[in-house]
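Here's the structure we're looking at; comments come further down.
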Amino acid sequence: VKTLSEEASNRKALIDSLKRRLNVATTEKSQYEASCAKLKEDVEKKEQRIHALQARVGVSEQALAALEQTATEQMEGLTQQNSQTLDRVQRQLGQACSQLEQLHCFIKTLASEILLDVQEVKQQLMSRRRQRQAGSVAAKSSLSAKSMIKAKSIAASILNMSENDLADIMEMDQRTATCTETLRDQEWLDRLNFILQQKILSAGQLMEAVRVKMKERKLLTEELAALAAPVSEKA
């Protein structure tokens, strides 16, 4: 009877523990579903802004082409024009330069926002990966702290280095990965600035550069959502 009572108590404790884990998993599922929904909404808003930007770039290209043609015609007959006509052309050129400068400022601002969004999703993804790894280690009850220490010691022995050196190498790998991502982001910004510095702004090249970063953000968002999916299935 005592054994059955203890077994019943243990089962009750196990059931209570599973219920608590289920509640935690359900809460976490709701949080990540809300986060994913917000991320998808943000992506849709950014895509709408990109379409609007593409339309503005097309209009600006047409305006600049028309202005260039007008300026060429005016310069051919410059010797026959008076100072008032010259002043008018200069005002038009000044307005065109101002509009172009405003457009460049708008594009750079949008690019900065897109890059910040991508970096934010990367941080969320890294955090989620660390949580997933920590949860995986915690779930494996057969792997005790002593076993982890022993495993690290064996790895250090095989590599013929101290455990501290092994830990430093692992941390260095993480820093290297972060540095690589930073360099990629800077290369993207450099590419965007190069396009903007061209004599004639290319809408195709500009949109392709923006789509690259938007595609990266979409893939990161999908990966973040995928990391949350297993929690839902387990619950």
Study note, to complete from the structure: Scanning the range 192-204 residue by residue, those open to solvent by 70 Å² or more (accessible area, probe 1.4 Å) and at pLDDT below 85 turn out to be Q197, Q198, K199, I200
Point to revise | Which listed residue, of L53, L14, is touching a Leu at 6+ places or on another chain (Cβ under 8 Å) and either without any contact (Cβ under 8 Å) to a residue 24 or more places away in the chain or under 30 Å from M207 (Cβ atoms) (or both) | key: L53
Check your understanding: Could you say whether any residue in the range 140-157 is open to solvent by less than 80 Å² (accessible area, probe 1.4 Å) and either at pLDDT 75 or above or under 28 Å from the mean Cα position of the chain (by Cα) (or both)?
Key -> no
Revision key, fill the gap. Considering residues that are within 31 Å of the chain's Cα centre (by Cα), among the aliphatic types (A, V, I, L, M) and open to solvent by 50 Å² or more (accessible area, probe 1.4 Å), the number found within the range 23-70 is 6
Exercise for review: Mind listing whichever residues of the range 20-55 are of a type in the set (S, T, Y) and within 26 Å of V212 (Cα to Cα)?
Suggested key: Y32, S35
Exercise for review: Kindly provide the set of residues from the range 84-110 that are among the acidic types (D, E) and open to solvent by 100 Å² or more (accessible area, probe 1.4 Å), ordered by number.
Suggested key: E101
Check your understanding: When the range 189-209 is examined, which residues are found to be touching a helix residue (DSSP H, G or I) at 6+ places or on another chain (Cβ under 6 Å) and touching a residue at least 60 places away in the same chain (Cβ under 8 Å)?
Key -> L192, L196, A203, L206, M207
Practice item. Quickly run through the range 1-14 and pick out the residues that are surrounded by 10 or more Cβ atoms within 10 Å (Cβ to Cβ) and not basic (K, R). Key: E6, E7, A8, S9, N10, A13, L14
Study note, to complete from the structure: E73 passes all but one of the listed conditions (1) open to solvent by 100 Å² or more (accessible area, probe 1.4 Å); (2) touching a residue at least 40 places away in the same chain (Cβ under 8 Å); (3) over 31 Å from the mean Cα position of the chain (by Cα); the exception is number (2)
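The values are calculated or read from the model by the stated rules, or taken from the named source; none is laboratory data. As the structure is a computational prediction, the values presented were derived from the model and not from experiment. Virtual Cβ from ideal backbone geometry, glycine too; neighbours counted across all protein chains shown. Each accessible area value is taken on the protein alone, full model and side chains, heavy atoms only, with ligands, DNA and RNA left out. Shrake-Rupley method; radii C 1.70, N 1.55, O 1.52, S 1.80 Å.
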